[in-house]
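Reviewing the structure listed below.
Just so it is clear, none of the values below were taken in a lab; they were calculated from the coordinates. Being a predicted model, the structure only gives us computed values, none of them experimental. Heads up, the Cβs are rebuilt from the backbone with ideal geometry, glycines too, and the neighbour counts pull from every protein chain shown.
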Amino acid sequence: MRLAVNIDHIATLRNARGEQEPDPVAAALIAEQSGAAGIVCHLREDRRHIKDNDLARLRRAVTTKLDLEMAMTTELQQIALNTKPELITLVPEKREELTTEGGFDIVRHFATLVEFLKPFKPAGIEVSLFIEPDKKAVDLATEAGADLVELHTGLYALKQGDEQRLELKRIRETAAYAKSLGLKVVAGHGLDYHNIAPFKEITDIEEVSIGHAIIARAVMTGLEEAVREMLQIIK
Ligand code: PXP
């Protein structure tokens, strides 16, 4: 199973001081050098973490695969077509949310979606739809011309015990169904060092997309060295 690393929260940290560090592009390169198969960033409407200039720099620097998460707006459509990431992932976006809260409502937006996706194939950009693990959503994703589906694992991450096992079953079955229709299947949201293990067995899911847990872990595992380095300088 491949890993795509979402580096949005490197930008969140950088923006807290409004300066240059830490740089999401430098983080993307470290992730690639460490074995990540792709880099994911979400250019949100409010630009709360990744900014337009980050995206342009990421496009120049990333050599594995750049996945641009975005809402279905004409502004983002134009940016994506100009930037040419290898992949776009369409996500629903609400201004007030802390993070993406669920899969794209493909039933409601189907007609707009079909029109929206038209220019991407000729531009050589693959399209992924972030959906709930639901067969009807997979059917519509196929009909809309998506190349991939990303199954939302947020509910799985929030649940425990039997409820979590049930959600995992739903994800496994939807992944198998999507694969049988010829879609590539990835999964993401809320996956972390404690809940990822069962996904190793779901061979129909070829990649997971993980952000927060990895960036949070990096802060804690890197802190000791950072403190020691500073002490070395001031002693
Ligand atoms: N996949 C999608 C579509 C997302 O919107 C996000 C969050 O930006 C992720 C994966 C990564 O989620 P997390 O940060 O919880 O690992």
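Numbers below:
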| item | result |
| --- | --- |
| Strands (runs of 3 or more DSSP E) contained entirely in the range 109-199, each with at least 1 residues that are closer than 30 Å to THR221 by Cα | 148-152, 184-188 |
| Residue list for the range 131-163, restricted to those being under 17 Å from HIS194 (Cβ atoms) and surrounded by 15 or more Cβ atoms within 10 Å (Cβ to Cβ) | THR153, GLY154, LEU155, TYR156, ALA157, LYS159 |
| Pairs with Cβ under 7 Å, 6+ apart, first in the range 180-202 and within 24 Å of PRO92 (Cβ to Cβ), second part of a strand (DSSP E or B) and away from the ligand (no atom under 13 Å from the Cβ) | none |
| Odd one out for ALA213, checked against (1) hydrophobic (A, V, I, L, M, F, W, C); (2) outside any strand (DSSP E or B); (3) within 13 Å of the ligand (Cβ to nearest atom); (4) out of contact with any Phe, Trp or Tyr (no Cβ under 7 Å at 6 or more places or on another chain) | (4) |
| One residue from PHE110, PHE104 being of a type in the set (Phe, Trp, Tyr) and surrounded by 15 or more Cβ atoms within 10 Å (Cβ to Cβ) | PHE104 |
| Some residue of the range 2-9 being crowded, with 16+ Cβ neighbours inside 10 Å, away from the ligand (no atom under 14 Å from the Cβ), in a loop (DSSP other than H, G, I, E, B) and within 16 Å of the chain's Cα centre (by Cα) | no |
